[in-house]
Structures are given as C-alpha cells and as structure tokens.
C-alpha cells in the first residue's frame, strides 16, 4: 500500500499556493493534515498528479473568535480547535462534536476544515457546519468566494472545491443567546465513523419554551441531513420535552442505506433515538443558560 | 537452595529489547533486498484469458515479472495438501501463481520484483489481466446446494464427508422424554496478527546456500518445503523465524506461495528478495476461519441430562483445502466439552467456496463447537425452566471418571481421551468469581433504572499439546551461559522466558544466564510448529528432558572430579556442589570446560578445570565410547495423546433497550491448564484470547457479498476491538496437573478465545429474551431480532 | 505549528529524489527520497530505524505512531518531505543511553503490556504523547487515550495498567514523558539495563 508517484509543491504563502493550484488545475490536490487523503493515496484509490502541501504556508493557522462567529483557518487541526478555549466556549458544540472525531493521534494531524472538504457523510464537522448555518471560504488565483454548507457539501466524499481552488477557512456562526446544543452518535467502535449521529440546537424563549430547534444528522444520507424541528417542538417546555413528533419527522426525512455494519432500518431507528436524547440534553443546557 | 523458577512470575527477558525498538521482524531485515508485490485476483472466480505485461515493463525500478508460465516445472505443481485424511475424497490446493483460473479474490497471479515496494506496486497497477468471470460460490449452504462448482471436476463442492459416533444418538434421542432441534451459525473471522506475512531470502552463490527468514509458526517445515520445491538439499537451506508480530494460527499455514517464490527468485536473480505483505493483501490472501452452519438435535431427560446429541454441520473451507480437515475434526470432537455424552453422532461436509481458504485461527474449530454445545445446554435449561449452571452440572464428567476415553479420534489421529480436570470445581469457582447467584438482584436493580442486564456462561475442554514431538537442545558453554534451543517458533508467547525458567530450574543457574533460541533451523532442525497450544507442553517438556540429561552429565563429571558420589551432589547457584557442604563445589562452567578433553587455556575456566584433571587411563580413549565432548544434550518429548485443558467463562452484558447496543460489563474466567510455568504469561495468553473472543462475538466478521468480494478488507471496516471495546477480566486459575508429562502442564494459548461467542450469546439472550443462534451479532441485527420478536408476540 | 517557512515554493517532480532532513531523537538525519516516500518508510528503510512498525498503512492500527514536535502522529499517513526540518521522537529515542528503560517502557514491562511486541512501539509513543497532555488521567481517560492503537495479543489490560503506572512515575518528576530517559550515574533503581 504505497501511493502512486506525485509531484510535490509546498508553497510558502497563500498567494503562491493559489498560483500553483491555478497552474495545476485538475491535476492538483491539496494536502493539509492528510488523515483522510493519505489512506486513499496509499490504497491508490486516489492518484493525483500533484499535491499542494499547506505545511509550509506562512499563516492560514488562526482560530478567530468574534461576537458573531468562530473562524477556523485551513491549517488548524482538530485537536487545536477542540482544545481552543475561546472557540469552544463560544460554540460548545464544536468541542462536543470534535470529541467524537476519530482518536487523539488522528486529531493531532487532521484539520477541521479538511474534514469538511473531505465531506464524509458520517463526518461530524460537516454536520456542525450545516446545523449552525456556516460557510466555507474559498480562494483561487482569480478571486474569492464563500459557499454555504448546503452549497458546498454536494455528496458523499464530494465537496464543491473547484480546480484551482483552496478552501482557506470555515466559519461557524455562534448560536443566538438562549441556545443549547448537543451531539450524540453511536459508532461500532470508539472513534469509528458513526452508524448514525446527530447534532442539535434548541433555542428557548424567556419562558423556557422552545422557540427554535434544528438537527443535522450524519451517517444517514449522502450529506449531513438537516431537519428543521421548530414546527415539531415550538412551545414545548424545556423540562418536559415530548420529542416524538420531531423523531417521526426526522425518521421520515433522513435517507439511510444498508451496509455491512447496519441496516437502513436500524439507522433510521437509531437516528431517532439519538435525536430524542440529544434534544433533551440540548434543551436542558439551554435552560441552564446556554449559549450552545 | 535456589528458588524454583517454574511457577514464578518471572519478568520477560524479551521485553527490554522489544520495548526499545530493537526487535527484528522480517521487514526490519534485508534493507537492500529487492521487494516484491503480487498481482492478485479481483474476481472470486474467473478464467484468466490474457496477461499483458507491456505497460508494466516500462516502470522505473522494475527488475522482473513472473507468471505461471515462467515457473520451472517443479513450481508449476500445486502446493501440498499438508494434512491428508482418508475422508478427503476431493482435495485441491492452489498453485504458487494461478494456472489459468482463480478461485478467490486475492489469489496470486503474477509476481513483480522491483527495487522497492513503491516501484513494485507501480508495476502491479500496470499489469493488465483479462478475465472471463465465472459464477462465484459463496457461503457454506450455497456450496452444498452445488448449483455452481468452485472446481469444475468437483460438481458437489464437497471435499470430504466424515461421521463419528459414540453409542446410538438417533435412538437415544427418539426415546428421550424431551427433544429439541435447531440451527446455529458462526461467521468468518481471521487471526489478523499486527504483523502481516513476510518472507526474506538470501541466496549465497559462493556457499550455494539459501537463508530464509519468514514470519512463520513452522520454520522447519518451511525449510523442508523450500528445499523440496527448489530441489535443494536440506543442508543447503536454513529457515529462521525472527521476531514475529503475532500469528494466532494463520502463520502455521505453509508454504505460502510467496514462501516458495521469494527464495526461488532470490536464487534466480542472485540478489536478496523480500516480500512484506500489506494489510489489504492480508485480508484476502492470508487465510480465514470460523464459518460453519450447524444443525443440532438433542434428546434429554427431566433433569436436563443429555441422552443423545446429533450434530450435522457444513464447514466452509474456502477455495482450497491445504490444511485438510483439522478445523472441522476439532469442532466435531471438542464440541463435547466437559460433558459425559454417551450417545453422540456428528457428521460434517467440508465444502469449497470461492473465498479465501480456511485454516486454523486461534481456537481452530473449538469456538464453533463450544457455541453448538453451550447453546444446546442453554436451550435445554430454558426448555425445562432450570438454572443453566444446574443443567451443566448434571452433565459434567466427574473428576473420578477421568481419564475418560470417548472412543472418538482426535485431530492428531489419536484417542480423544481426557486426562484430568475438575469441572464441578471449575463451575463452583466461576459462580463465585462472577457472583452468579447474586445476579438476579443486580438485574432487578438495573431493571428499576430501565436498564437491561443479562448473564451467560460457557464451558470448554481444549485438547492441547498435540504430537507428534518437539525437541530441545541444552548446552552449557565454558563461559557459563546456558544455550537452549527448540525448533518451534515464537509469536509473542514469551518462550525465551518460560523455557529459560525450565532449564534454569533443572541446572540450578540464574535464569538470566539462560539464552533461548526458537525457530531457527541452524540451531534445531527438527520441529513440528507452534499451534494447538502446544509449545509449552511439547518444547517445554523436551527442554526439561534435555536439561535433565545435561544435569546428569554435570553430576557425573563433577562426581569424578570431586570424588563425591553423584547422589550427594546438587546443582545450585551456578555450581555443582556437595549437599549440605556448599563450599565443596565446582562452577558449572568449569564442568562444561572439563566435558571437552581439548582445553586450550583461553580462559579462566580452562585454567581451573586443569586442577581437576584426572590422570588419564592411557589405554582408554579420551572420549569414552558412550560419551561425547561438551556439556550438552538433546532430547525429545513425544506423547501418546494430547493433554486436555479446560475452563469456563461467565459474562454480564448490558443491552441498551433503545439502541440495542451491547456492552460487556463483567467478564470472568476460570481456567485450568495444569501446572503454570509463568502465571503472568499464562494470564496474558488468556486475556488476549478473551479480547479475540469478544471481537469474534460482537465486532469481527469477514463480510463477503454474493459475488465473493470481501467488503471490509481494511481495519476501518473489519472491526478489531480497541481498548475501549475490551472489558476488564477477572481470572481465577485452577491447577490440575496433567499426568501425561513431566512438568504437568497443559496448553494455554487458545483457551481465552474459545467460549467467547457462546457466553456472550447466552448473556444477550438472557438480557433480551431473544434466542441468539448466530454470531457475531451487531446492534443492528439484535434490533431486528427484537423487532421481529415484538411483532410476533403482539 | 513549528513548520519551517521558506520564501519560495518548494517543488519536486514525481520521481525526483530530494533531500529531506529530520532531527530524529535529537540527531539530524538526512536522506534523498521521492515526494511519495511515507515517513514510516523513511524511518524504517532510509534511516534504517526499524523500531517504528507498520501494521496497516491506512492510519487505523497505530503501530507507526511517532512524536512530531512532541505530539503523536501516524507516520504512515505523513510524507517525509512534508515534515522536512522538523523534530521527531521514535521509540529508539526513549531509553537512556545505557539502555535503562524509559518510565513508560518500564511500566509496559512491569505489567506485561506486550507479547509479540509489534504494536508496542506505537503504544509506547502514543502513551508518551497522551501522558504529556494528561498527566493525571483516570482509568476511563487512559482507556480512551490508548484507543487509537490496535493490539492483537494482550487484550489491553496490561497496557492500561502500564499507562497508569507510568502516569504515577511522571507525577512529581522533572522528566517529560516525551523525552529521553536520563539516569544519574550513581542511580541504582533496579531497572533493566540489559536484555
């Protein structure tokens, strides 16, 4: 299991990286942490003609926390974000979701943005991005653009990163005040991609009744499946949540498939169970003061 | 008096080296060797129409490529059927490279030799093979249905049919007050050692000798195979099993195609050549085990006493049958467990499928047999509304009935006769260890919190230490070092330590002065191999016997030198000394020097030895007719039958009532392998086995689709447990010594894995009320079973 | 985070061999390799430091774990060229110069935390990295912290006990878990120096 030969480019700056990517076009593939890409290369399931390694870029390694959002640069690892106090205080869901990502050694190299670009339908961070309504910033030699989660996460292992483009940052909006969140999943082994999982946010009004609720599921569709739950839960007291309608809605929305680890039927059932649990947790957290 | 080392938890002498990263595994050697990669079939069953090498020949770093037609005649013969059995009516084995047809995904088609593995894989990718796909036969039942044939000339797909009986099971069942019949399934898993297969060969053209390093459990047999296929004298071939990163059975298979091809290519090219299998190859080209479908019919009385048991099963041995019927024969005999069965019939078909071949994986047919028998007992108990341990107790062979001969033939072709054991004692110990009687209370408390708990147990008897023999060589060097060697190899069992304990005890030396070499044909050319929990029993006793001979010789030499009767001498603290008068002594290394009449004064020992030199009898030869120079001896241990270890496991599981997720909460083991050589090592063997048992019960499954594609050929999808999936284990050791060998030991290597699936299935069944008749089981499968049960009762 | 930055884009053609220098266990080591050379192969076959093992080459088993600037990573998922100029610690860099085992290594020995030894270097390196980040772990944290490495022999019990002991050994000690063990010249701690 050795990779095919590839040409190697390690630009020193973002501008140089974009020039290189522009030159390479379809032939160039970005290497960040490599924790998803290198297994594919080693198995020769992918064989790009050239890799553009971000390891030597000066910059692209900041976590920026503002009143409105947490902005994570392309070179920030899972572990760095997971242990970034300001970021995870701002969005506790990030910490909880990242706890589920693989194992510490993988998190030391793998980048947060990389796992979004990789777009595994069972990946946690794409679901967090979708749930929070965040976006990805992309740069190319001609210019820059942003893409919302919905637009960016196109299919299983497929994100809308175009030839010549580099995803430079991911932006997670901070949930509004009064929001509690939770992430729950079940994997066969600790650290494996989940059979199913869900991230939820629940926002309460001043009477501690649900004003807004949302869920994003992993492992039960081609991309993270978002299910708006406000209609199913609005007005319910946070300490007496009756999530059955929300669970039914979610189970009828998601689109799981059979594989060797679980049937579609089981995944549908499991997603509902996890949703019920996550909603209770999130509502309780919201009631305890949030935010998220 | 030196403290006895056998039985002591001596720290392993292997460890410092391995911990410092100084181990020498096959791929650590031969840094300048050419490396090989293999073109493997992507089809489960196909005819090879054409192989186009043109594009591959352009690859940078390519040395050469070989296909079947390039091989010399001897290498165009099929690989051997290692263990023939009269019941095998249709034996087929594979070629080192496919001869026009492939019968499983992963079968070797072409061998690429290149400057390194990267280049070799580049060439493999560019070799174009055109196939005519043929229908694939997957799964034991489809094989037996025989709509399609794996091998054209075996339309039934059946390689062997075998029946063994005790008494008259059908009549006993017909006459029994209660009868049950049911089906039990076990799916495929595999040994999956952390180190894959590997072989490295050096041909020395000057000496006309071949040196082979292989990650094997049978180096002496690999040597013999290579000598035969390469048409060399045995004396020209040496095979060394260096540090081996785990075996668990898969590396007892030999010779692998690469074990023949690599030395052949090394000789042809006159250059070192190495094969290091990668993980993806290992999943499809290294053998599997376990898959069986078993049908049970049982008759029993009101107490749960089994009056007759009729078992029929189909054993899926994959595309070829190189290892004969060892696995199904073990199932068919070891199924009996600790129970007194007076009417038993077992029949099996061993069938071909278009899947990776099946040869032993730790447990070797026993987990399937244990699953059959223990699930049967649980069914009987459920039918009668009795406690499951009571039904077991009613059926136990009692200690005073042992030795007990069942009248069956075991895997070694010898009597299936239990030598010793105390099954009621084991059960009592187990019930106490797991607090079996307190479980009802624990369950009730959990239920009050909405949690589902269940408990289950399973018992096994394991034939260990099968023959025919192993040997040991023990030599005391003039510098005092004791060199011990035995032919079988080591895959982590700590033989360097435990065998040193045995020799040190006999010779009265510090264990640190004993150096043990295993698996090196330069040091010990005769051996059978490391499998069937046999190394400690076989080589342990052989080394004990050889050390005893050395001891006798040391006593004789010292007796003459000191002019003291040998009976009054003892070996202790590195000396031969007078009992009760330790000042009258000769160091053992001096005795070693004295054992050789040629004694140049190279060292202090030679000088001291001269003091004891007796005036020689001028008429006698310096080395007597019945003597030999050197303080050394070789001996062999060759038993008339296997020795039978036994044990019982109990498991408490929690099942999430909503997700059906299964968690092992408590795991208890009572284990009796006779005398413990080193309790730390034995415990480690048991714990490792338990982890594999848990893996086999809840996580690991070779998932083939109907086309014979293995869908989970990676560690991402073949779910070997991590630390988070393996429970803590409580162990209690009983020691019922074996009467069959001088050390009283029984094997311990496989025990831990055997009852895992049976005990965990029982616990899940107890927690959920759902009959568990197939393992492994996933939360998804359990959920489906619970849904089905709920809808059938509503 | 300590990657070296140049002022030009470094490039290498697919089959071009380029010089890569890493500081391995404190010593600069250089070899010329193609861009696709995995760090695991660079260590094992270019530097001939074979203590780092390879069990799967897809990042799951952890046998190839080494410390990159003190943090454990999978060397099979890293290209040597990508970490040119950086510091690595491998299993060969832990024991004292006289062979005295590092406290993590000693703990594995004391608790029978290894059998065949193949997964062991990866576990040892993972444990060092884990203990550096979690100096006082509880049993659940240890189990989770060691859950990125596969062992087929031990059933993990001895490994978990070993990490627990090692944590205790570092508590109140000046030694950093990721650094080479140092032995006072006159220290007689009874630990194994030879094998």
Review point. Just counting partner chain Cβ atoms within 10 Å, what average do the residues of peptide B:656-665 show around their Cβ?
Key: 3
Check your understanding: From the Cα gyration tensor of the range A:179-287, with a ≥ b ≥ c the square roots of its eigenvalues, which class applies: rounded if a/c is under 1.5, or else prolate if a/b is larger than b/c, or else oblate?
Key -> prolate
Review point. Across peptide B:675-685, how many C-beta atoms of other chains are within 10 Å of each residue C-beta, on average?
Key: 2
Exercise for review: For chain B, calculate the relative contact order in percent as a whole number, restricting contacts to Cα pairs under 8 Å that are 6 or more residues apart.
Suggested key: 15
Review point. Can you sort B:729, B:311 so the residue with the fewest Cβ neighbours within 10 Å comes first?
Key: B:729, B:311
Check your understanding: For helix A:244-253, what angle does its Cα long axis make with the longest principal axis of chain A, in degrees from 0 to 90 and rounded to 10?
Key -> 30
Practice item. Pairs of Cα atoms under 8 Å, at least six residues apart: use those to get the relative contact order of chain C, whole percent. Key: 22
Review point. Which three semi-axes in whole Å describe the equivalent ellipsoid of chain A, each the square root of 5 times a Cα gyration tensor eigenvalue, listed largest first?
Key: 34, 21, 15
Check your understanding: Can you put B:151, C:112, B:671 in order, fewest other beta carbons within 10 Å first?
Key -> B:151, C:112, B:671
Practice item. Classify the range B:1-135 as rounded, prolate or oblate, taking a ≥ b ≥ c as the square roots of the eigenvalues of its Cα gyration tensor: rounded when a/c is under 1.5, otherwise prolate if a/b is larger than b/c and oblate if not. Key: oblate
Practice item. For chain B, give the share of DSSP beta bridges that are antiparallel, in percent and rounded to the nearest 5; count only bridges with both residues there. Key: 80
Exercise for review: Within 10 Å, count the other beta carbons around each residue, average over each peptide in A:70-79, B:49-58, A:221-230, and list them highest first.
Suggested key: A:70-79, A:221-230, B:49-58
Review point. Using the C-alpha atoms of the protein assembly as shown, what convex hull volume per residue, in cubic angstrom, is computed?
Key: 192
Exercise for review: State the antiparallel share, in %, of DSSP beta bridges confined to the range B:468-637, rounding to the nearest 5.
Suggested key: 80
Review point. Share of antiparallel DSSP beta bridges in the range A:1-174, in percent to the nearest 5?
Key: 75
Check your understanding: Taking neighbour Cβ counts within 10 Å as the exposure measure, how do B:131, B:418, B:600 sort from fewest upward?
Key -> B:600, B:131, B:418
Review point. Going by alpha carbons, how many degrees (0 to 90, nearest 10) lie between the helix axis of C:157-170 and the longest principal axis of chain C?
Key: 90
Review point. Looking at the square roots a ≥ b ≥ c of the eigenvalues of the Cα gyration tensor of chain B, which shape do they give, rounded for a/c under 1.5, prolate if a/b is larger than b/c, or oblate?
Key: oblate
Review point. GNM on chain C, C-alpha springs below 10 Å: top fluctuator among C:155, C:129, C:172?
Key: C:172
Review point. Per-residue ellipticity at 222 nm for chain C, helices alone: DSSP H runs ≥ 4 residues times -39500 (n - 2.57), over residue total, nearest 500 deg cm²/dmol?
Key: -6500 deg cm²/dmol
Review point. Hey, how much of the P(r) for the range C:64-195 falls beyond 17 Å, as a percent of Cα pairs?
Key: 57
Practice item. Report, to the nearest 10°, how far helix A:264-287 tilts away from the longest principal axis of the Cα atoms in chain A, using its own Cα long axis and a range of 0 to 90°. Key: 70
Exercise for review: Between A:173, A:39, A:121, find the one with the highest GNM mean-square fluctuation for chain A; connect C-alpha pairs within less than 10 Å.
Suggested key: A:39
Study note, to complete from the structure: Quick calc: nm separation of the 7 Å Cα→Cβ label points for residue B:628 and residue B:716 -> 5.7
**Study point:** Value of relative contact order over the range B:468-637, rounded to a whole percent, pairs C-alpha under 8 Å and six or more apart
**Key:** 30
Review point. Assuming R0 = 51 Å, what is the FRET efficiency of residue C:29 and residue B:233, from their Cβ-Cβ distance, to the nearest 0.05?
Key: 0.70
Point to revise | Exercise: per-residue mean of other protein chain Cβ atoms within 10 Å, C:9-22 | key: 4
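Values quoted throughout were computed directly from the atomic coordinates according to the rules given, and no laboratory measurement underlies them. In this text, all values refer to a predicted model and were calculated from it rather than measured experimentally. All Cβ positions, glycine included, derive from the backbone under ideal geometry; neighbour counts span all protein chains shown.
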